[in-house]
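Trainee: The structure follows.
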Amino acid sequence: MSLAPATRRGVGPSSVVLPAVCDPAWSTLLDFLSARFAHIERSAWAQRMASGSVCDADGKAVAPDAPFCAGARIHYFRALESEAPIPLQETVLYRDAHLLVADKPHFLPVIPSGKYLHETLLVRLKNRLGLDDLVPIHRIDRDTAGLVLFSIDPATRNAYHALFRAQAVEKHYEAIAPWNPDLSWPLTRRSRIGSAPHFMQQTELDGGPNSRTEIAPLEVHGDLARYALRPHTGLRHQLRVHMSALGLPIAGDGIYPVLTPEAAPNYARPLQLLAKTIAFTDPISGQAQRFESQQTLKPLAEVRTHYAIQAAPGTVCALSPA
């Protein structure tokens, strides 16, 4: 049985199983790690091993000169040379023995990935609350603000995951995007969403639909509107793809319809997409649960002033940060 080392500063270990066949170039574990993760300097792996950040299946630290052992499981802790702080704070709206509901700001990732490790919702909550077993039940984009549910107790975790598998969770979002009075409102967008040529994007494809979103205007201000969006499926970037495909890309979206180069975050102009409410019957207590984000999107007049509206091929208009 593998005994993963305990969480450190809210960060759990990653794992890798060594190949069953040893390459002649791998006389030590350090040789393998340096080859397998070539984007990390060999000296960095050696330093991690010397500091006890690489462990065997029993959770014991592995020295830099440890031999390669085919088929063994290795645990290791990710590290970043530097990580810029995100000056926005999450809020815990609800917590019991099984469930935690967090209200996430824009720009904060839910889980560690890429250049984000400690500045993520999961790691922040683990450190702040001392909940090493905390796991997100679902996720929203880093650019999106709003509600995220977490499981606290591993024994009841699958019951909450089952709600999402059965599509028994009612989610409502709000978004600000261009207004098109010529569309038949309210409307439902059904399409097949899959991978686009660029890994950062998804796209609509030919074939039977695998996604469905109900969309209705809540407020109109000139050529802008605030929309209510209800996704019935949970595909990656579903709401952003559906709005863009309608010619109504969400204000501040740097991925749809056109992928723009990543720049330093502009905290004054976030993506105008909010996971507003979530409702379900609690599988443990049997009680109806409904949670609402305390955050709001910008007023339409303010978005109109601070976000530039540009014509885009094949769309009514496209919104991007000014």
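Read the figures in this text as sums done on the coordinates, not as results from a lab. Every value quoted in this text rests on a predicted model; they were computed, and no experiment measured them. Because the Cβ atoms are built from the backbone with ideal geometry, glycine has one as well, and the counts that use them run over all protein chains shown.
Trainee: Along the charge dipole of the range 14-76, which of C22, C69, S43 sits closest to the positive end, that is, farthest toward it, with unit charges on the beta carbon of Lys, Arg, Asp and Glu (+1, +1, -1, -1)?
Mentor: Result: S43.
Trainee: Can you tell me how much longer the chain between H221 and T281 gets when fully stretched, taken as 0.36 nm per residue apart minus their C-alpha distance, in nm with one decimal?
Mentor: That works out to 18.0 nm of additional length.
Trainee: Neighbour counts of other C-beta atoms within 10 Å: give me K126, K115 arranged from fewest to most.
Mentor: In increasing order of surrounding Cβ atoms, one gets K115, K126.
Trainee: Provide F37, F32 in ascending order of the number of other Cβ atoms located within 10 Å of each residue's Cβ, fewest first.
Mentor: Fewest-to-most ranking of F37, F32: F37, F32.
Trainee: Still on this structure, please answer the following. Whole Å is fine, so just give me how far the alpha carbon centre of the range 57-103 lies from that of the range 154-217.
Mentor: 30 Å
Trainee: Nothing charged except the Cβ atoms of Lys and Arg (+1) and of Asp and Glu (-1): what's the magnitude of the dipole of the range 14-76 about its Cα centre? Round to the nearest 20 debye.
Mentor: 120 debye
Trainee: Per residue of the chain, what 222 nm ellipticity follows from adding -39500 (n - 2.57) for every DSSP H run with n ≥ 4, rounded to the nearest 500?
Mentor: -4000 deg cm²/dmol
Trainee: Would you mind working out the magnitude of the charge dipole of the range 91-321 relative to its Cα centre, with +1 at each Lys and Arg C-beta and -1 at each Asp and Glu C-beta, to the nearest 20 Debye?
Mentor: Taking the Cα centre of the range 91-321 as origin, the dipole is about 220 debye.
Trainee: Which of A79, A61, A44 ends up with the largest GNM mean-square fluctuation for the chain, with Cα atoms connected below 10 Å?
Mentor: Highest fluctuation of the listed residues: A44.
Trainee: Can you list the residues of the range 68-87 with backbone N under 19 Å from a point 7 Å past the Cα of M200, pointing along Cα to Cβ?
Mentor: 84
Trainee: Suppose R0 equals 41 Å. What FRET efficiency, 1/(1 + (r/R0)^6) with r the Cβ-Cβ distance, do D182 and H118 give to the nearest 0.05?
Mentor: Once the sixth-power term is evaluated, E becomes 0.30.
Trainee: Additional query: Relative contact order, percent, of the range 14-76 when contacts are C-alpha pairs under 8 Å separated by at least 6 residues?
Mentor: Worked out over the range 14-76, it gives 48 percent.
Trainee: Work out the charge dipole of the range 83-230 with +1 on the Cβ of Lys and Arg and -1 on the Cβ of Asp and Glu about the Cα centre, then indicate which of F107, P197, G222 is farthest towards its positive end.
Mentor: Comparing the listed Cα positions along the dipole, P197 ranks first.
Trainee: Here is a further query. Output the direction-averaged projected area (hull surface divided by four) of the convex hull of the alpha-carbon atoms of the range 1-136, in nm².
Mentor: 9.4 nm²
Trainee: Just rank K298, K104, fewest to most, by other beta-carbon atoms within 10 angstrom.
Mentor: K298, K104
Trainee: Under the 0.36 nm per residue contour assumption, what length would be gained going from the current alpha-carbon distance of E81 and A6 to full extension?
Mentor: Between E81 and A6, full extension yields an extra 24.8 nm.
Trainee: Between D96 and A288, how many nm apart are label points set 7 Å from Cα along the C-beta direction?
Mentor: Each label point is offset 7 Å from its Cα along the Cβ direction, giving 1.6 nm.
Trainee: Also, quick follow-up: Over the chain, what is the mean sequence separation of C-alpha contacts under 8 Å (at least six apart), divided by residue count, expressed as relative contact order in percent?
Mentor: 14 percent
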